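What follows is one structure encoded as structure tokens, with my remarks underneath.
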Amino acid sequence: MPKRKHLWFGVLVLAFACGQAKDTAGPDIAIEESRITTPAGTEHVQVFVPAGKFTMGTSDGPDNERPLHEVELDAFYIDKYEVTNTQYLAFSEATGAERPQFIREDAFNQPNQPVVGTLWNFARDYCHWAGLQLPSEAQWEKAASGGDGRIYPWGDTSPTELQGNFNFTSGPIEVGSFPAGVSPYGAYDMAGNVWEWTIDEYEHTYYNRSPVVNPVNLKSEGLDDGADRTLRGGGWFSAARNIRIPVRSSLAIMDRQYEENPDVDNTLMFARIGFRCARNISN
């Protein structure tokens, strides 16, 4: 059975870390952690996200973030940290899976950096091997926001260098480096560091038709069918506006951005993408 422990984060503690009482989770939230051991013996620390309704999207952002709508999710766990090089290399060695694209480069191969350079299907396969799955967009957004509609994991104030790795830095850094940027449920690096794969296929206007209960936009299981997958969270090469919780992206969107900015080196596009895993409570 997974091991669990409870950590209580009070309003005053979070208010001190973020600088304003407004930028807290509101009522005290019991942060429940669970540990999962993979077949290779590496460990995932996960945080619990309770069942219930929350508000997803925005009312005034880009059209792929609209409309603001209510979603109801079953309870689940999500990784406290992005999957690291150490964890992914253990998977590669155990299964013969392809090693990460940038693992030979010092800027991207440190043990506790988030693994980058993995296609969606490799991220999916890793999570399945670990007894987990990629989170849905809705799961990812609730875990990041605490369900209260905040703009960033810490609240509504503009991000600083104490809360995340963003704004065109030199690359991803060790996971869990920004305690001031932790989400209300205890998840780290959900704003910046690396973009994160979700299980969902990307659809620009999906929110116009998405179901209320446990929405997942999944029609296929591979990339060879041409399906584009949704990315969340922004990364080390993102501007502050692109690490907002509601921001949705995909490889197709990134490709268009590179075409519009020919001076940017698009060979590093996949060096900006990582992932974390989730676990439905029934698993």
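The values are calculated or read from the model by the stated rules, or taken from the named source; none is laboratory data. Note that the structure is predicted; figures quoted are calculated from it, not measured. Glycine gets a Cβ as well: all are built from the backbone with ideal geometry, and neighbour counts include every protein chain shown.
None of Gly10, Gly52 is within 16 Å of Tyr185 (Cα to Cα), surrounded by fewer than 19 Cβ atoms within 10 Å (Cβ to Cβ) and at pLDDT below 95 except Gly10. When Ala180, Ala191, Ala187 are screened for being aliphatic (A, V, I, L, M) and part of a helix (DSSP H, G or I), only Ala180 passes. Take the conditions (1) at pLDDT below 95; (2) surrounded by fewer than 22 Cβ atoms within 10 Å (Cβ to Cβ); Asn214 misses just one of them, which is (1). The residues in region 128-151 that are part of a helix (DSSP H, G or I), basic (Lys, Arg) and either more than 15 Å from the chain's Cα centre (by Cα) or surrounded by fewer than 24 Cβ atoms within 10 Å (Cβ to Cβ) (or both) can be counted, and the count is 0. Can you confirm whether region 113-131 contains a residue that is on the phi > 0 side of the Ramachandran plot, touching a helix residue (DSSP H, G or I) at 6+ places or on another chain (Cβ under 7 Å) and in contact (Cβ under 8 Å) with a residue 12 or more places away in the chain? Checked region 113-131: at least one residue is on the phi > 0 side of the Ramachandran plot, touching a helix residue (DSSP H, G or I) at 6+ places or on another chain (Cβ under 7 Å) and in contact (Cβ under 8 Å) with a residue 12 or more places away in the chain.
Determine, yes or no, whether Arg35 is closer than 27 Å to Trp129 by Cβ, surrounded by fewer than 18 Cβ atoms within 10 Å (Cβ to Cβ), modelled with pLDDT under 90 and in contact with a strand residue (DSSP E or B) (Cβ under 6 Å, 6 or more places away or on another chain). Taking the combined requirement at face value, the residue does not satisfy it. Residues that are outside any helix (DSSP H, G or I) and of a type in the set (Val, Ile, Thr) are absent from region 85-96. Of the numbered criteria (1) out of contact with any Phe, Trp or Tyr (no Cβ under 9 Å at 6 or more places or on another chain); (2) surrounded by fewer than 20 Cβ atoms within 10 Å (Cβ to Cβ); (3) within 23 Å of Asp125 (Cα to Cα), the one Thr84 fails is (2).
Every listed requirement among (1) surrounded by 15 or more Cβ atoms within 10 Å (Cβ to Cβ); (2) part of a loop (DSSP other than H, G, I, E, B) is met by Arg104 save one, (1).
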